[in-house]
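Read through the structure below, which is laid out as structure tokens, and then see the notes.
The values are calculated or read from the model by the stated rules, or taken from the named source; none is laboratory data. What you see is a predicted model, and the numbers here were worked out from it, not measured in a lab. Don't worry about glycine lacking a Cβ; one is built from the backbone with ideal geometry, like all the others, and counts go over all protein chains shown. The accessibility values were calculated without ligands, DNA or RNA, using every heavy atom of the protein model including side chains. Shrake-Rupley method; radii C 1.70, N 1.55, O 1.52, S 1.80 Å.
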Amino acid sequence: MNASSVLLVDNSNTRTKFMLSVDGCLQPSQRVLPTASISPPAVRRLLHGWHFERAVICSVVPSKAEVLAQSVGVPVCRLTRTARLNIELDYPGVATLGADRIANAMAAAGCPLPCVAVDLGTAVTFDVVVEGPNQPRFIGGVIAPGLSSMTQYLARNTAQLPAIEPEEPERVIGRDTAEALHAGTVLGYRGLIREILAGISAELGCQPYVIATGGDAPLLASQLPEITELDPLLTFRGIALAGRLNP
């Protein structure tokens, strides 16, 4: 029997990532395009040499999702709130719920519950999944600006603060402007994460399992004992699961 190959597409605001799933197993390589540069020729060039029978698109950029669907040349499943899911969306604002958050919640449903999926990307999202009578329930979460959003804002809107790539600070009291920015951004964001997780734990009445993903997760999660697990492929795992549930 031939292997079944599915293209998984994580279309976020900053970058769009592509990965293959073969017979339900994520393949090790990823390909990436800046979301702003997505076009049919760019997508076809990027995917040259990859072979797949269908695609699953998880998008928070509707205009680019249309372009992606037209570019891949195979039947497309879109991960939306109306797709078949492994979770109940117990969320009054479901019409505003991003597909990336659904994917993270779907993957988190396989962890010990209650679970919080923390995605540290362009935005920082916290998505809470708890036990349900029939299947796990997504009950809501938290959204905050991401680390890069804050550093870029400061660089654009202040005359003397430089653009930086956040890194682990050597000290809290910065001895120059760059050191001060590293301390403020990295330590400040850890404080934000810790405070939000503390509030979620208080409302749940217990300490949840916390799984972190996203581009800034390796840096920010490294000194946060509240985070149980780091999984850079969490969103792709949710997208792959949606593909299996929506053949």
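Mind listing just one residue for me: the one in the range 195-220 that is charged (D, E, K, R) and farther than 14 Å from Ile143 by Cα and, of those, modelled with the lowest pLDDT?
It comes out as Asp216.
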*Pairs, please: C-beta under 9 Å, at least 6 apart or cross-chain, first residue free of Cβ contacts under 8 Å to residues at least 12 places away in the same chain and in the range 1-30, second among the small types (Gly, Ala, Ser)?*
Cys25/Ala240; Gln27/Ser5; Gln27/Ser21
*Quick check: anything in the range 147-154 open to solvent by 30 Å² or more (accessible area, probe 1.4 Å), over 23 Å from Val61 (Cα atoms) and assigned to a helix (DSSP H, G or I)?*
yes
*Taking the range 112-122 on its own, how many of its residues are modelled with pLDDT under 95 and surrounded by fewer than 19 Cβ atoms within 10 Å (Cβ to Cβ)?*
0
*Regarding Glu170, is this residue among the acidic types (Asp, Glu) and without any contact (Cβ under 8 Å) to a residue 24 or more places away in the chain?*
yes
*Of all residues in the range 224-247, which are open to solvent by less than 40 Å² (accessible area, probe 1.4 Å) and farther than 13 Å from Ala107 by Cβ?*
Leu224, Ile227, Asn246
*Residue ID - farthest from Asn13 (Cα to Cα), chosen from residues in the range 211-223 that are open to solvent by 10 Å² or more (accessible area, probe 1.4 Å) and touching a residue at least 24 places away in the same chain (Cβ under 8 Å)*: Gln223
*Of the conditions (1) under 14 Å from the mean Cα position of the chain (by Cα); (2) modelled with pLDDT under 95, Asn134 clears all except one; give me its number.*
(1)
_If I filter the range 171-179 for residues that are among the polar types (S, T, N, Q) and modelled with pLDDT of 90 or more, do I get at least one hit?_
no
*For the range 1-30, name all the residues that are in a strand (DSSP E or B) and loosely packed, with under 15 Cβ neighbours inside 10 Å.*
Val22, Cys25, Gln27, Pro28, Ser29
*Name every residue in the range 131-143 that is open to solvent by less than 20 Å² (accessible area, probe 1.4 Å) and touching a Leu at 6+ places or on another chain (Cβ under 6 Å), in order of residue number.*
Phe138
